[in-house]
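Before any comments, here is the structure.
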Amino acid sequence: MNRVVVLSFDCELGWGRLEDGGWAEMERAGVYRRTRTIVARLVESFAERGLESTWAFVGSLVGDPDESPPVDHLPPQYRTAVQRFVADSDPASRSLADLTPGLAGLGTLLDLGSHSATHVRPRTAGADREAVVADFRVSLEQLAGVFGRPVRSIVFPRDEIDHMEAVGRLGRLSMRVPGSSYGTPGSSRGHRMWRMLRRLRRGPEPAITTVLDSGVRTQTGSLYYNWAIGGTASRAVRRRLLKATVDRMLRGAGGEGRVFHVWVHPFNLGESRVLLDDFLEFMDRISRLRDRGELSIEGMAPHHARSLSSR
Ligand SMILES: [Zn+2]
């Protein structure tokens with residue numbers, strides 16, 4: 001097979017905005033309701049087309065929306081934020097329980113991933129390694145309980161990989177990690193600009209797989225599919241840059257055998273109709289290339305299983 005596009009979705013709804021309380025505004029703006037419709041539509045289209053992908057869920061999205069997830073392992077302030085969120089939010093902002101049968105129906109096309117249980121991260125106030133590892137442990141139980149099979153992929157909240165090795169002891173896992181040209185929280189404006197220009201010239205960085213001593217497999221991300229950030233002018237620039245980068249990637253940048261890992265936050269697609277249309281067009285385009293045998297579309301853990309076993 002020629003090139004590979006690995007696709008992953010970070011699924012969090014309001015859980016991703018507990019720390020700053022930003023979920024309430026997003027909820028009022030209808031973002032989470034729209035996101036749910038989009039997720040349902042993607043699942044349908046992936047089933048129809050037979051497309052494989054990784055879905056990394058916040059585990060607490062899949063349980064009973066009226067029950068608080070386990071919180072004893074969380075730092076006190078964050079524990080309170082979780083409880084407040086569960087008490088005050090619309091179930092549509094905190095649950096995908098009604099969509100899990102459809103997702104589970106994807107069968108092996110769905111690479112089941114965890115994005116933690118509550119979106120707590122190493123840099124959350126008061127969070128230590130134990131809290132982060134425990135949160136992932138809870139998520140593996142939540143997700144395996146609902147989907148009836150083990151989690152095989154991990155995506156860290158805000159890509160904070162500080163406790164990657166400790167989380168890796170929870171199972172045989174593939175993890176998405178930042179690449180060298182990747183936006184990390186705190187990266188400077190200058191660095192971000194350098195990254196964009198470099199991408200424009202060379203296309204996105206191919207994904208690099210590493211097998212750690214612990215047996216954990218990591219894969220660097222190549223492209224975050226989102227331009228709807230900032231004001232109108234900066235969105236217009238970002239949109240053009242993203243389109244040009246995608247063109248580079250699909251017109252053969254990197255040549256034969258290259259792997260690109262593209263990731264998406266479904267809620268971003270719920271924030272901008274134009275971004276959603278662009279993404280659906282991107283999906284159509286890569287699906288056509290797949291149909292012509294020019295690339296394959298894969299989930300992260302299955303990609304690792306295929307590529308590493310043939311080495
Ligand atoms: Zn997240």
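Annotations
- Gap separating the Cα centres of region 203-224 and region 1-80, nearest whole Å: 22 Å
- Between 0 and 90°, nearest 10: helix 189-202 axis offset from the chain longest Cα axis: 40 degrees
- Of every Cα-Cα pair in region 59-215, the percent that sits beyond 20 Å: 57 percent
- Farthest toward the positive end of the dipole of region 56-117, out of GLY107, ALA97, GLN83, is the Cα of GLN83, where the dipole comes from beta carbon charges about the Cα centre.
- Cβ-based charge dipole, the chain, positive-most Cα from HIS163, MET249, VAL216: MET249
- With Cα atoms, 0 to 90° folded angle of helix 31-49 axis to the chain main axis: 50 degrees
- Distance (nanometres) between label positions extended 7 Å along Cα→Cβ at ARG149 and SER188: 4.6 nm
- Degrees separating the helix 273-291 axis from the principal Cα axis of the chain, which is the longest one: 50 degrees
- Sorted largest first, extent of region 1-129 alpha carbons per principal axis (Å): 49, 32, 23
- Separation of the GLU294 and ASP20 label points, Cα + 7 Å toward Cβ, nm: 3.9 nm
- Residues GLU298, GLU130, ranked from the fewest to the most other C-beta atoms within 10 Å, line up as GLU130, GLU298.
- Residues PHE267, PHE57, PHE46, sorted so that the one with the fewest Cβ neighbours within 10 Å comes first: PHE46, PHE267, PHE57
- On full extension, the segment bounded by GLU281 and LEU197 gains 27.9 nm, given 0.36 nm per residue less the C-alpha separation.
- Separation of alpha-carbon centers, region 261-289 and region 135-173, rounded to whole Å: 25 Å
- Placed amide H near MET175: partners under 5 Å, 5+ positions off or other chain: ILE154, ARG217, THR218, GLN219
- The stretch between THR210 and ARG84 holds 41.4 nm of extra length on full extension. This uses 0.36 nm per residue minus the Cα-Cα distance.
- Projected over every direction and averaged, the convex hull enclosing the alpha-carbon atoms of the chain yields 14.9 nm².
- 20 Å cut-off, amide nitrogen to a point 7 angstrom out along LEU308 Cα→Cβ, residues in region 221-241: 221-222
- In terms of surrounding Cβ atoms within a 10 Å radius of their Cβ, GLU48, GLU205, GLU12, GLU165 rank from fewest to most as GLU48, GLU165, GLU205, GLU12.
Every read-out reported here was derived from the displayed coordinates using simple, explicitly stated rules and does not represent laboratory data. Just so it is clear, the structure is predicted and the values come from calculations on it, not from any experiment. Backbone-built Cβ (ideal geometry, glycine too); neighbour counts: all protein chains shown.
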